[in-house]
Amino acid sequence: MKPTNDETGIEFKMTADRAIITLLQELDIPPSTDISLFEIGPPLTRQGYDQDAILNGLFFLQRQKMIDLRGNRLHVLKELRHQKGH
């Protein structure tokens, strides 16, 4: 997951919620599965997302009922293959 690049050559980073979904898709996490937040945090921070952006993305996805946060684990509620962030 690299920043997107438009015809102007300017790099744009996707929103954190979209980056989370993309990462879960790459990890092929099916619904009704738990994953440790420690498995998604480091890859997202390496992509340039800070803790606040990641938390906001997680809270957004929880409000959309796509995931549920359970302590330090994320529980996938829906199929994420074709979902899009805001």
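Residues in the range 56-65: is at least one of a type outside the set (D, E, K, R), touching a helix residue (DSSP H, G or I) at 6+ places or on another chain (Cβ under 9 Å), modelled with pLDDT under 95 and crowded, with 16+ Cβ neighbours inside 10 Å? Scanning the range 56-65 turns up no residue that is of a type outside the set (D, E, K, R), touching a helix residue (DSSP H, G or I) at 6+ places or on another chain (Cβ under 9 Å), modelled with pLDDT under 95 and crowded, with 16+ Cβ neighbours inside 10 Å. Filtering the range 27-66 to residues that are among the β-branched types (Val, Ile, Thr), without any contact (Cβ under 8 Å) to a residue 40 or more places away in the chain and farther than 10 Å from residue 17 by Cβ leaves 40, 45. Annotation: residue 75 fulfils all but one of (1) surrounded by fewer than 11 Cβ atoms within 10 Å (Cβ to Cβ); (2) outside any helix (DSSP H, G or I); (3) of a type outside the set (D, E, K, R); the unmet one is (1).
Please work out which residue is nearest to residue 69 (Cα to Cα), limiting yourself to the range 5-26 and to residues that are at pLDDT below 70 and part of a loop (DSSP other than H, G, I, E, B). Looking at the filtered set, the residue picked out is 13.
The values are calculated or read from the model by the stated rules, or taken from the named source; none is laboratory data. Since we're looking at a predicted model, the values are computed, not measured. Positions of Cβ are generated from backbone atoms using ideal geometry, with glycine treated the same way; all protein chains shown enter the neighbour counts.
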